[in-house]
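Readers should treat all values here as calculations from the given coordinates under stated rules, not as data from a laboratory. It should be emphasised that the depicted structure is a prediction, and the values quoted were computed from it without experimental measurement. Please note: Cβ atoms are built from the backbone with ideal geometry, for glycine as well, and neighbour counts cover all protein chains shown.
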Number of protein chains: 2
Amino acid sequence: MPTSLPTSEAAPRGRRGTRASGDDRERAILTTAERLLEERPLSEISVEDLARGAGISRPTFYFYFPSKDAVLLTLVDRMVEAGTASREEALAKLAKEPRAGWRMALQASFDAFGSRRAVILAAAELRTTNAEARELWARVMEGWVTDVTVVIESERARGVAPAGQPARDLAIALLQMNERAQYATFAAESPALAEDRILDVLVDVWVRAIYGSAPAA
Amino acid sequence: MPTSLPTSEAAPRGRRGTRASGDDRERAILTTAERLLEERPLSEISVEDLARGAGISRPTFYFYFPSKDAVLLTLVDRMVEAGTASREEALAKLAKEPRAGWRMALQASFDAFGSRRAVILAAAELRTTNAEARELWARVMEGWVTDVTVVIESERARGVAPAGQPARDLAIALLQMNERAQYATFAAESPALAEDRILDVLVDVWVRAIYGSAPAA
DNA sequence: CATCCTATCAACACTGTGTCGAGAAGTTCA
DNA sequence: TGAACTTCTCGACACAGTGTTGATAGGATG
């Protein structure tokens, strides 16, 4: 029974609760950000760049967003919502074939993030300097950890998976592996799993860690 | 047969090849950096702070180091050297008892980094904006991946570990898990493994992933 | 004692952030 | 129509931080 994230629907990141033609501008800023992030990292994009890209002056930018970071957070908010939904779906179907089920679940998050890689890479960058970004990420992670913990526990209860480390700890370690591995692959780091291999490898570790017998002496 | 890193011994990060009393100053800058990093993140430490802490003016700082980043890189260089040695030692002894051997190896890197956590946390932060930091980290990771790959392959050759995903891929995934998990624990992130649990959990995943039987249908 | 190298810093030039206050441009309604 | 209000815009400013320049002090060297 997957947990939903505490939706942040209600609190829009930019200003403007009321209607106005400036909605276009707000959108222009967001799309400019997304476009520029495909070219260079967040740290090399200035408010000036975003403003110019959206056809406004720098001070006007601040009418729409309180900071550069807020733009990114808005982008991340949106992506997270999409990614969460598809993962929960996959996790729910997992009952029958473990390997295939887990694979689908990992695939879901891989796809959700892979399709907007510039944005998550930037989010990861932002996380190191921005507390709000850290909290947002922590909330997302917490949701996943909860979901995966429940599934592991139910697999153990079903007698399909053996007892072992606390399910939550296992979930944390495996999800952290995924996070780091996906980041490295998306960023094309030097030791990183090839894009067409990453799912096979990660799923294999998940399945062995969750269902594998206790280690041979 | 553990690989040694391409040592960067020869190219000191600060200036000053020749002797001078200014060695003290250089050391003062480094210790100031280490001290300040225990209080706040790298992004909140300015060159001014480092200079003042070392009792010199900001321009004088630039006589010793080309930038704030260079100071941190020097700190990391040193730490890496220490950490590498102890891990290789542990890995070498692994032949007899797999679980205990891997545990010692992970312990080694955990201790090496744990004792200077402010510095690695800062290094991770720096990595997002500084190419040289990324390369340094990549080199370190590559060394570890190579070492671990060799050990996994030899365990497979010995017939103790079953065949599976390419040893190198497995090594990458597991090391990335460790990296992320250790970071989260050191940084006291919200979903993170407890400090007194992390080794048990990570070792368990390693052992199952490397020695575990193929997953049950 | 002239000269060279180390070491030092005030002053500057530059980049980027965020704010202020003066307005333009549109809407409402009397 | 035209006052009053709200939305939106930007020039000009104040700051914080980085990195550079040029002048200079003070040893060591020959």
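First check a/c for region A:118-198, with a ≥ b ≥ c the square roots of the eigenvalues of its C-alpha gyration tensor; if it is under 1.5, answer rounded, and if not, answer prolate when a/b is larger than b/c or oblate otherwise. Note, shape of region A:118-198 comes out oblate. The same position A:GLU81 in the other copies lies at 5.3 nm from this copy, comparing label points 7 Å beyond Cα toward the beta-carbon, shortest first. Temperature 37 °C, viscosity 0.692 mPa s: under these conditions the Stokes-Einstein estimate for chain A, based on its Kirkwood radius over C-alpha pairs, is 173 µm² per second. Between B:VAL148, B:VAL47, B:VAL80, the Gaussian network model of chain B with springs among Cα atoms under 10 angstrom shows the greatest mean-square fluctuation at B:VAL47. 3J(HN,Hα) couplings calculated from phi for region B:166-182 with the Karplus curve 6.51 cos²θ - 1.76 cosθ + 1.60 (θ = phi - 60°) are, in sequence order, x, 3, 5, 4, 4, 4, 4, 4, 5, 5, 5, 4, 4, 4, 5, 5, 5 Hz; Gly and Pro show x. For the protein assembly as shown, the gyration tensor built on C-alpha atoms gives an oblate shape. Its axis ratio a/c (a ≥ b ≥ c) is at least 1.5, and a/b is not larger than b/c. Ellipticity at 222 nm from helices only: DSSP H runs of n ≥ 4 in the protein assembly as shown, each -39500 (n - 2.57), divided by the residue count, give -22000 deg cm²/dmol.
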